[in-house]
Amino acid sequence: MSDATPPHDTPVHHRHRSLLARFRANFLTGLVVVLPIGLTFWLIWNVVGSIDGWVLPFIPHALQPDELLTRWLGYPPAVSVRGAGVVIFLIFTVVVGWVAKGLIGRSLIGWGEGIVDRMPFVRSIYGGLKQIAETVFSQGDAKFDRACLIEYPRKGLWAVAFVSTTAKGEIAEKIPSDDEVLTVFIATTPNPTSGFLLYVPRRDVVMLDKMTVEDAAKLIISAGLVYPPDRPERPERERPGRGRPALPPAQE
């Protein structure tokens, strides 16, 4: 009896364990392929549905896409049509932008903003949202300049951040520093739209010469799991990007 082979070492058990291992490996490989595709389509589907739900209530019922399709087919469609609100929103936005560039459009916008300026609470909200929209969607140079490293929240701990610009006006005057002060944004993980705005002396900012702003954003969103490929160091004229002049070197 002592020479008997234990049950867990039988060939059948090994075959089962091998099958389970292959099944697990294939499942994880498939999950890596399917999950990003599925989440992308799910996100697009929900975003399009949200825009449709916001735009279509302003469209008369007789012109609703489901109503038009019902008239054409003779019976209601099995699935609600999505995307019509997105198309209407795009056309409406383009028309508004075209009108706003003209003299009449500018006059109407100025007249409307004059009314808003006389509303104490509304003007604060409108002014803030307008500044954010102009900064985010502007076609100028108001973009993040470079990715960097700073010691945050204490010495010895490092965080990836983005340099937006140099401090200006009263903020630059009031900060007690003999060095140039940079405006630095630290994004949170995994939601990079929230974070902390810091004013840091230039000598305390370590510029990243190989990592682009897009690479740094991917690193933050993935919680450090997606590292950018190792790229050669960018020439000095290309580091800020978008034709912006390079930040001046740190003063020794």
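The values are calculated or read from the model by the stated rules, or taken from the named source; none is laboratory data. Values in this document were obtained by computation on a predicted structure and should not be read as measured data. Neighbour counts are summed over all protein chains in view; Cβ atoms, including those assigned to glycine, are modelled from backbone coordinates with ideal geometry.
Annotations for the structure displayed:
- Options Asp117, Asp145: the member that is at pLDDT below 80 and either of a type in the set (Lys, Arg) or surrounded by 11 or more Cβ atoms within 10 Å (Cβ to Cβ) (or both): Asp145
- Residue count, region 148-184 (criterion: within 22 Å of the chain's Cα centre (by Cα) and either farther than 20 Å from Ile221 by Cβ or surrounded by fewer than 11 Cβ atoms within 10 Å (Cβ to Cβ) (or both)): 2
- Residue within region 78-100 that is within 20 Å of the chain's Cα centre (by Cα), loosely packed, with under 10 Cβ neighbours inside 10 Å and outside the structural domain of Ala216 (by TED's automatic domain parsing) present: no
- Subset tally (residues that are without any contact (Cβ under 8 Å) to a residue 24 or more places away in the chain and part of a helix (DSSP H, G or I)) for region 196-226: 2
- Residue selected from region 148-171 under the condition in contact with a strand residue (DSSP E or B) (Cβ under 6 Å, 6 or more places away or on another chain) and of a type in the set (A, V, I, L, M), by the criterion nearest to Gly224 (Cα to Cα): Ala159
- Number of residues in region 162-189 that are under 13 Å from Asp204 (Cβ atoms), touching a residue at least 40 places away in the same chain (Cβ under 8 Å) and either of a type outside the set (D, E, K, R) or part of a strand (DSSP E or B) (or both) equals 2.
- Of the residues Glu180, Glu214, Glu134, the single one that is at pLDDT 90 or above and either closer than 30 Å to Gly112 by Cβ or among the acidic types (Asp, Glu) (or both) is Glu180.
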